[in-house]
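In what follows, a structure is listed as structure tokens, so that the remarks can point back to it.
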Amino acid sequence: MKQLIAALCCLMLAAPPVAMAQPKADDKKATEKKEDKKAAKKEPSEAQKKQQDLMKACNEKAADKKGDDRKKFMSKCLKGEDDGPSAKQKAQQDLMKACNEKAKDKKGDDRKQFMSKCLKGDDKKPTAQQEKMKTCNAEASKKQMKGDERKAFMSKCLKA
């Protein structure tokens, strides 16, 4: 009798996990539907792709803006009310125009090299402020100034 009770207990303990491990037919269908939905969500629609591209373009144009100005610009840009090129893009366009004007008489590789240097800004000479900074810095180095003394000297020298 003890053996029969022990066998029944073992059978009762072993049976529920086996029954739980087998999914029902309805569960299989639900799982398949969820997997199909996940697969369908992975690929954005054409409209979503277009919106993503527009968002990227507007973000690039708004790189130099912050706070409320950025919010207003992004809102207009995403609605299609674009203000035109950003300040950085406008500066690049102006530089390109100026370099093209200078390179009218050049052709081929000579033109390519000239345009490359011109667009990089290699042909630019330092401004008066940059020259002044250079001379003041050299003078402070000769006098071996450091710390607050150097700061005070540089400030006085650059104002002169």
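The values are calculated or read from the model by the stated rules, or taken from the named source; none is laboratory data. Since this is a predicted model, take the numbers as computed values, not measurements. Ideal geometry is used to build each Cβ from the backbone, glycine not excepted, and the neighbour counts take in all protein chains shown.
Brief remarks follow.
- Number of the exception - Lys90 against (1) of a type in the set (Lys, Arg); (2) within 27 Å of the chain's Cα centre (by Cα); (3) modelled with pLDDT of 85 or more: (3)
- Scanning the range 151-160 for residues that are surrounded by 13 or more Cβ atoms within 10 Å (Cβ to Cβ) and out of contact with any Ser or Thr (no Cβ under 9 Å at 6 or more places or on another chain) yields Phe153, Met154, Leu158.
- Of all residues in the range 75-87 being exposed (fewer than 12 other Cβ atoms within 10 Å of the Cβ) and outside any helix (DSSP H, G or I), the one that is modelled with the highest pLDDT: Gly80
- Unique residue being surrounded by 11 or more Cβ atoms within 10 Å (Cβ to Cβ), assigned to a loop (DSSP other than H, G, I, E, B) and at pLDDT 85 or above when the list is Lys104, Lys65, Lys72, Lys50: Lys65
- Some residue of the range 118-134 being within 20 Å of Ala160 (Cα to Cα), at pLDDT 90 or above and assigned by TED's automatic domain parsing to the domain that holds Lys159: no
- The residues listed here are Ala14, Ala57, Ala21, Ala6; of these, the one that is among the small types (Gly, Ala, Ser) and at pLDDT 85 or above is Ala57.
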